[in-house]
Every structure is written in C-alpha cells, then in structure tokens.
Amino acid sequence: MSTNNSPAPTSQPAIPPTLSHLTPLTKNELLLLSTYDQIKQYEKISAKLKATEAKRRLEEADERYRAKVRERERLENGGDDVGENKKKNDGEEYSAAARYDNDSSDDSEDDAAKQQRIQKQQQRQLEITQLREEIEAKSQRDVERDAAKKREEEMRRELLGPEGKKTKKKRPREEGGDGGVATMAESEQQNDVTTNNDFLQEHDDDHHDMDNESSFMPTTSSQPSIISGPSIKKKRLDNPSSSNTNPSTSLIANISGGATPIHDFSTKLKMSKTSLDGSILFPTTIGETPWRPPTNPVNFMDGCFELDLPDFDPKNLSSNSNTNNTVAIKFHAPQESSRFSINIAAPNHNGYDSIFFHFNPRQFQRGGQLVINNKNESMWGNDLSVPLSQLPLVFGKQACTLIVQMTEEGFDVFVEGVHCARLEHRMALPKLKGPLCLQFPASDDYGNPEDWEVYRVWWGHKDSMAGKDLSGVAGVNLYSSVHPKKLFVSGLPKIHSDPEVDLRRAEMERAFRKYGGPNGAVLVSVQKDSTFAFVEVASEQQADLALVEMAGRYRVNKARRTKHEALMEERAAKEAAEKGIVKDSVDWD
C-alpha cells in the first residue's frame, strides 16, 4: 500500500495570534487561512524530498568515484602490467619502453593487434633516440662555438698589443672625469676596439642563426684574419658621459615626460603659470574640476560661467604696448557635441544684450560652421561663417586651445595656432581702462544646452600672432566696412505690427528729410519686432552732418555693409565708369 504524502485538510484552521484581536473571521477568510496552511505543509514536504534526492545523488557520485579509484589501483598494482616509464631530461624526452597488458581481459586479443602495437612502440623509441642525438650534437656545437669565440678574443688582444691594453686601462679615467685627456691616437684605437667587438659580435650572431652543423672555425695562418685589415670606422652614438651605474632615461619615459597634459597649455605658449605677462583665471585652486554647462538650463544665463578680464586698456592696443590683450582657453568638445560658444562684452552689457565678440562653432549646421559675430542692443550683426573643414579639429579632440587677441583692427581668432578668422571692431570699445567680461553661456538663444568643458583660462599680454599676409584669413576686409551714406538708428521703442512699422517709417522720413538733398528724399528701412531703423541720406557729407545734429534726439551711427554689398557697389561703379557716368554707390534693398 502506497503512502499518501499530501496533508490532510483541516476543518478549522488555527487563527494566528496577530489576528486574534479582530472580529470573527468570515468563511472566505477561514478558507484562505486553510489554504495557506496547506501550502506551508506542501513546502515542507517538497524541501524534504529535495534533500533526500540530493543525498542520493551524492551517494551515487561517491560510489562512482570509489570505483574509479579501485580500478586505477588495480591497474597500477597488477602483476602482469608493465606500466609507464618515468620522464627524463626535464620533460623533453620520455622513455618509450614497451608496455604489454597481459590481463585476463586482453586474452581475447589476436596476435596481429599485439604485433602492430609493438611496432608502434619501437618506432616511437627510435624517434626519441634520434631526438636525443640531435640535442647532444647541438650542445656539442654550442661548446665548440664558445671555444672558438674565446680563441678569437685572445687573438684580437694579441694583435692589439700592449697599447691596446694601455688604452683600455685609460678608458675609465677618461670617462670618470678625473682631469685626464686622452690623445687622438688613443681615441682612435679605442674606437677600433669597439668597432671590432661589434663586428665580431655580429659575425658570431650570424653564425649562430645558421641552421647547419658546421662550427665557427678560428682563423689560421692560411686564412686571412677578419681583424688583420684596416678597421671599419663607425659613428659612436652612445653618450661618453653615460656609464653602467647611471643608465640614460628610456625613450618611453622621455616621450611621456615631454608630453603636455590635456588640462594645460603648451610650453611654447608660456601660459602654464602666472607671470609678468599674464595670469591663470581658471582654475583658481589646484585640483579644481573642469567647468561644464548644466544639462537642462532655463536660458543661456542659467548656470553660465563668467570671468573678469582685468586691466584692459583700449587706448594701448598697439603692438608696442604691454596691455592685456590675449585670452587663451584650453577646452574639450565631445564628438557628439553640436555647439558651444563664448562671449566677450563690456561690464555694462545689460544681460549680454551687447557683445563685442561672439565665438560659436556649430558641428551640424551646413556641414559644420564656425560663426563669429557681435551683438548690439539685442540685435545680432552680420555673422562671419568659416567652414570647420578649413580649421584644425575642434570636436572630438581630447583637448584644444583657442586664443583670441584684441588688436587695433579687431579680434583675431587662433585655433591650435592657426589664424582662422578676424572680427573687425563693430562697436566702440570702452574709453577708459577697466575690465572686460568673458562669458561661457549655458545654452543658445533658444534654450538648447551646450556641451563642452573648460580646462584652463589665461589672460594677459602677447605680441601679435597674426602674420603679414592676411589674404587667406576670413573676416579681413579689403574694403571699407562702413557705408558712407547709410545711418543706423537704434534704441527705439519696439514695434510689433504693420501699422507701427508705417508710423516708424514716416517718423524717420520727417526727422531726416533735410538731409535728403533738394527733394528731401531719404530711404528708410524698418523691420517688424525691432528697435532700430536704417536711414540712407543724399550724400556722405549729409550723413556726417546728421550724426552731429541728430545725436541729441536719436542714437545714430554709420551703418555697416556686407562684403556682398561692397562687391555690388564696385561692380556698379565699374559699369558706370565704362559708360562715362560717375556713380558713388548703389541703392540698398
């Protein structure tokens, strides 16, 4: 009769003490408690069965192991077993003694199989014997080669004579720097000794590499000696001051020691530490982590990094002065970064509404562009774009160096020492000596975060790094960038609708009518959502007069023209000259 391991259901499950304070349980609650009790009992039975099965498996494994041990002992201690001979010659050679198995289990083997096994064993023994003979012959050749080498060395010393031995004794005194000076003859003899030693060593190595049974034979009277002729002069490359006790530094150590750390400037720039020429603005303490913009900034000011560039004197930007004019930045822009930027502005920038210099590489815009611009009262100027393919690598490089130099002409930009662009001055610099503001924005104007990190910032004076030939530098204008007759009126109230645009245009026409020549015609350009206007008057003299007379009413400056506009004017002037017509400029769109 089989035994049933399933637990018998209980009619009334025991109520746990933790539930004794509750009201009488319902029927479903009692049934649930009963189910829990049955599950616990099944779990106990399952654990007990698993333990029993594991014990059984262990016993079977132990029995199999014991059987193998008994079988191995029987084979080792059997009376008719020949066994295996011991290993010889440090694991390289093994005995190939014949092994015969005459157990009762092999009685059924036929004679042919036994004969085949004996032949294989004999063949193996023959191979081992041949191998042993080859090793012994090789050892004998090595001994003969060493003896021949010693004889060659003795012959070399006899040929050199006592002078060679004398020179060998003087060599340590010469290297030790005891004040003794070796003669020219002694130096040449020593070089001959070194050359012959090198030659003998190379000759011996060549014979050592030859796979034949001929040994290196010493020279005899019937054979010309390899050292009896004129010695071969070789250039000595070792340092005379070096010795075995003071070995020279390895090549790898020299390379690693001379490398510039990624967080520091090159030693050629002389910007690694504070000096009379400049100072390190960031980091301020040793071990300070690089600056990175926040991940989710609200705007470009949220978490931006700002530094003061002290003691900037715009009146002394000539090459002869020692005023601070150079800012250097060591940075890293990851391969996946889309953009980053820096700004240089005056202290009264009003939340960076006015920026002298804006540097902005954009990796994924039109195949990669470096955009350089300025900002005047929240209005960006005409940007200067340079393809990133024409510049040294900026994105994905472990570290990169950016240098911006302020000169009388403008802002010269150098990336890894390459003069890549110049932004000529578009706004008036501060009149008095004081600081400038260097800003690393946290995002662009639309809130897109920037991705880069700044290792080091240096500010100080450097001589102009620009070369004499600037024809290939972007932004170096070969034309007048100021329009002779067009005025830029800024600081106006912002307008939003078309009627406001019409009112602004009518206001500018009335205000500047007297500068429009006999007919009072002026050309006014107004844009929606702007705080400025363009007014073109009759002539350059009228524009200069308007700058003086309207300065108390409006903020007026000469407007700037783009290179395209300058080329259009040059072409129009050329066509007019061919027709015999004098034309100063063309109308603007």
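Taking a ≥ b ≥ c as the square roots of the eigenvalues of the Cα gyration tensor of segment 363-426, is the shape rounded (a/c under 1.5), prolate (a/b larger than b/c) or oblate?
Verdict is oblate for segment 363-426.
Residue 549 versus residue 60, label points 7 Å from Cα toward the beta carbon: distance in nm?
According to this spin-label approximation, the distance is 11.6 nm.
Just to make sure I understand: if all protein chains stay in place, what is the order of 427, 465 by accessible area at 1.4 Å, largest first?
Largest accessible area first, the residues go 465, 427.
Leaving out ligands and nucleic acids, and using a 1.4 Å probe, what accessible area per residue does segment 344-419 come to in Å²?
39
Label segment 307-437 by shape, choosing from rounded, prolate and oblate, from the square roots a ≥ b ≥ c of the eigenvalues of the Cα gyration tensor; if a/c is under 1.5 it is rounded, and otherwise prolate applies when a/b is larger than b/c, oblate when it is not. Please report the intermediate quantities before stating the final value.
Details: a/c = 1.91, a/b = 1.51, b/c = 1.27.
It is prolate, given that a/c is not under 1.5 and a/b is the larger ratio.
List every residue whose amide H lies under 5 Å from the amide H of residue 411, counting only residues 5 or more places away in sequence or on a different chain, with H placed 1.01 Å from N in the peptide plane.
It is 423, 424, 425, by chain and number.
So, with a 1.4 angstrom probe, what is the percent of accessible area on segment 286-429 that is carbon and sulfur?
Details: 2910 of 6330 Å².
Ligands and nucleic acids excluded, carbon and sulfur reach 46 percent.
At a probe radius of 1.4 Å, what is the per-residue accessible area of residue 32, in Å² to the nearest 10?
Here the residue's solvent-accessible area equals roughly 90 Å².
Evaluate the relative contact order of segment 258-347 (contact order divided by residue number), counting alpha-carbon pairs under 8 angstrom at least 6 apart; express in whole percent.
18
Rolling a 1.4 Å sphere over the protein heavy atoms, what is the accessible area per residue of segment 434-494, to the nearest Å²?
42
Roughly how much of residue 444 is accessible, in Å² to the nearest 10, using a 1.4 Å probe?
Roll a 1.4 Å probe over it and residue 444 shows about 20 Å².
The values are calculated or read from the model by the stated rules, or taken from the named source; none is laboratory data. Given the structure is predicted, the values throughout are model-derived calculations rather than measurements. All Cβ positions, even for glycine, are placed from backbone atoms using ideal geometry, and neighbour counts span all protein chains on display. Calculation scope for accessible area: heavy atoms of the full protein, side chains included, ligands and nucleic acids excluded. Shrake-Rupley method; radii C 1.70, N 1.55, O 1.52, S 1.80 Å.
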